Amino acid sequence: MNDGETTSARFEALLGGARPPTGGVDLKEIAFEVAPVFPLLSELPAEERAGGDYESFEFRECFAVLTLLGRRLALLDLTPTAAVQIVLLALRAVEGSDAPPSGGFTRAVVAAAVEGFVLGREERVAQTAETRAAKPLKPLRIDEAAFALIASGVHEPAALSECVDALGRAMLNADVEIAIVDLTQLGEPNRERAAAVFAADEVTRMLGGACFFTGVDSRWRAAADDARIPIDTLQIAPDLAGAVAAAREMAERSTESANPKWRALLERLRR
């Protein structure tokens, strides 16, 4: 067993003995996240760790990885106390000492990990808020003729793309060909968000239907132009009520133009 394996085994033993509160995260997952730190810590001579130049490249590289480790522990939803305890256990495993690590290097190690933990916590909070905000963005069945996607707030383009995809799936499952996308309350238009929401037109065309957009003000027109979207080719209604009326009118025309014989056959097959 090489030194890296010895350090990893020693850390897993220390981790199992200390059993820091992990909120249900498996200890093996934590050991996997910590493993990349061991080679960097082991390559630093003990005398340099005790009083070396912490601004040198070797130390900065090590602290950068420790910052990434702190971020990963935050994304696992560990507490700050548990994260610091895990980092100190990793340091003990490298040093091969039963005594709690201390000194300037230990403080620098903890500071780097805490810095990463703060960044990870901010990232996790942002992700949680984004997920919570995107949950209400679901397609609504407004009548037999159409689904509507009424977006509100500020959302990342990826979240808006997922909502448009959900709109397409809902239309396909319900055999509905008309959609309405309301942008009135959707904030911070830009090129990426415009590309995401106006993709609803392409989705509905693929289903053989049409999409009406509302709330397309000068900001959204500018964003669409930036995204090279030919907005004049889209069907834009002045408001939500107008879009609903246009959708119903289109549905009625579609029904009237349908071949009665085919409709009778379809109804018969559905019985």
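Amide H to amide H, which residues 5 or more places from His155 or on other chains are under 5 Å from it, using H placed in the peptide plane?
Gly187
Within segment 188-251, list the trypsin sites (Lys or Arg not before Pro) lying in a DSSP loop whose Cβ has at most 10 other Cβ atoms in a 10 Å radius.
Numbers: sites: Arg191, Arg193, Arg205, Arg219, Arg221, Arg228, Arg248; in loops: Arg228.
Within segment 188-251, the qualifying trypsin sites (Lys or Arg not before Pro) (loop, at most 10 other Cβ atoms within 10 Å) are Arg228.
Using the Kirkwood formula on the Cα atoms of segment 140-270, what hydrodynamic radius do you get, in angstrom to one decimal?
On the way: mean 1/r = 0.0655 Å⁻¹.
Evaluated on segment 140-270, it is 15.3 Å.
Please work out the FRET efficiency for the pair Arg107 and Glu162, using the Cβ-Cβ distance as r and a Förster radius of 30 Å; give the result to the nearest 0.05.
Values: r = 44 Å, r/R0 = 1.45.
Result of the calculation: an efficiency of 0.10.
Of Thr204, Val164, Gly187, which is farthest along the charge dipole of segment 140-270 in the positive direction, counting Lys and Arg as +1 and Asp and Glu as -1 at C-beta?
Among Thr204, Val164, Gly187, the one farthest towards the positive end of the dipole of segment 140-270 is Thr204.
Return the inverse of the average 1/r over all pairs of distinct C-alpha atoms in segment 58-110, which is the Kirkwood hydrodynamic radius, in Å to one decimal. Each step should come with its number before you reach the end.
On the way: mean 1/r = 0.0865 Å⁻¹.
Computed over Cα pairs of segment 58-110, the Kirkwood hydrodynamic radius comes out at 11.6 Å.
Taken together, the values in this text are just the output of simple stated rules run on the coordinates, not laboratory data. Treat the numbers as computed from the prediction; the structure is a model and nothing was measured. All Cβ positions, even for glycine, are placed from backbone atoms using ideal geometry, and neighbour counts span all protein chains on display.
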